[in-house]
1. Output the direction-averaged projected area (hull surface divided by four) of the convex hull of the alpha-carbon atoms of segment 59-144, in nm².
2. Could you work out the mean projected area of the convex hull around the alpha carbons of segment 81-197, in square nanometres to one decimal?
3. For segment 81-97, take each phi angle, set θ = phi - 60°, evaluate the Karplus expression 6.51 cos²θ - 1.76 cosθ + 1.60, and give the result in whole Hz per residue in order, putting x for glycine and proline.
4. Points 7 angstrom from Cα along the Cβ direction at LEU168 and ASN23: gap in nanometres?
5. Do any chymotrypsin sites (Phe, Trp or Tyr not before Pro) in segment 34-121 lie in a loop, going by DSSP, with at most 15 other beta-carbon atoms within 10 Å of their beta carbon, and if so which?
6. Given bins 10 angstrom wide, list per bin the percent of all Cα-Cα distances in the chain, short to long.
7. Please state, to two decimals, what the Cα-based radius of gyration of segment 37-106 comes to when divided by 2.2 N^0.38 Å (N = residues).
8. Taking 35 Å as R0, compute the FRET efficiency from the Cβ-Cβ separation of ALA50 and LYS146 and round it to 0.05.
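The numbers here are math on the coordinates, done by the rules we state, and not lab data. No experiment lies behind these values; they were computed from the predicted model shown. Note: ideal-geometry Cβ built from the backbone for every residue, glycine included; neighbour counts use all protein chains shown.
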Amino acid sequence: MKKVGLTGGIGSGKSTVARLLANAGFPVVDADQIAREIMEPGSPVLERVAEEFGADILDDEGVLDRSELARRAFASKEATERLNAITHPAIRAESERRFAAAETAGETAVIYDMPLLVDLGLHSGMDLTVVVDVDVEERVRRLVEKRGLDEADARARMGQQIDDATRLAAADVVIDNSGSLDALEPQVAALVERIRG
Ligand code: ADP
């Protein structure tokens with residue numbers, strides 16, 4: 001089974017490409033979705049996060065106050081690293097479980113939709129690394145206009161990610177999403193052929 005890593009800076013259109021690949025029939029392992037699931041009430045990961053950052057980040061039903069955790073965990077590099085040390089291995093383990101399940105189900109390829117694929121060096125475990133690329137200013141514009149993000153917030157989030165040149169250097173395939181959605185489709189179709197081939 002081929003593992004295809006799919007990544008791109010926030011606002012690049014990575015989720016859009018993942019959707020097109022899912023429509024083409026490939027199973028998609030979504031790292032952001034796993035990140036949310038491991039923080040659901042009662043999960044062992046959430047318990048460890050509460051031990052580390054304070055039980056008062058959970059309400060009476062055990063639901064995480066995300067903005068309060070963000071405030072505490074992003075207060076310093078050291079605090080961010082403490083959070084990542086809990087969440088990243090858990091995301092990785094669950095991702096591996098899903099790859100194994102796809103293989104057991106007889107899938108010939110799986111797409112790993114992972115924003116931090118190159119940042120965390122996980123592209124080295126992939127058979128193919130796909131980077132969705134758009135210049136920073138267009139990404140900011142799309143995030144503000146289409147996803148309603150505040151411009152400063154969009155730029156701050158980008159600042160926490162690996163730089164574009166380093167991400168692109170890790171790519172086997174670059175999808176250029178600087179044009180329209182129509183321009184994306186033939187590129188995805190070519191990628192589908194390459195994955196199947
Ligand atoms: P990511 O997952 O990389 O953060 P998304 O796929 O959510 O990015 O795309 C960011 C926003 O830009 C979404 O609202 C999406 O619908 C939109 N978008 C994606 N590709 C294009 C494009 N080629 N032209 C215009 N808008 C786009």
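1. 8.8 nm²
2. 8.7 nm²
3. Going residue by residue, I get 5, 5, 5, 4, 5, 8, 7, 4, x, 5, 5, 5, 5, 5, 4, 4, 4 Hz, with x marking Gly and Pro.
4. Inter-label distance under the simple model: 2.7 nm.
5. PHE74
6. Result, from short to long distances: 8, 32, 35, 21, 4, 0 percent.
7. In units of the 2.2 N^0.38 Å rule of thumb, it is 1.27.
8. 0.55
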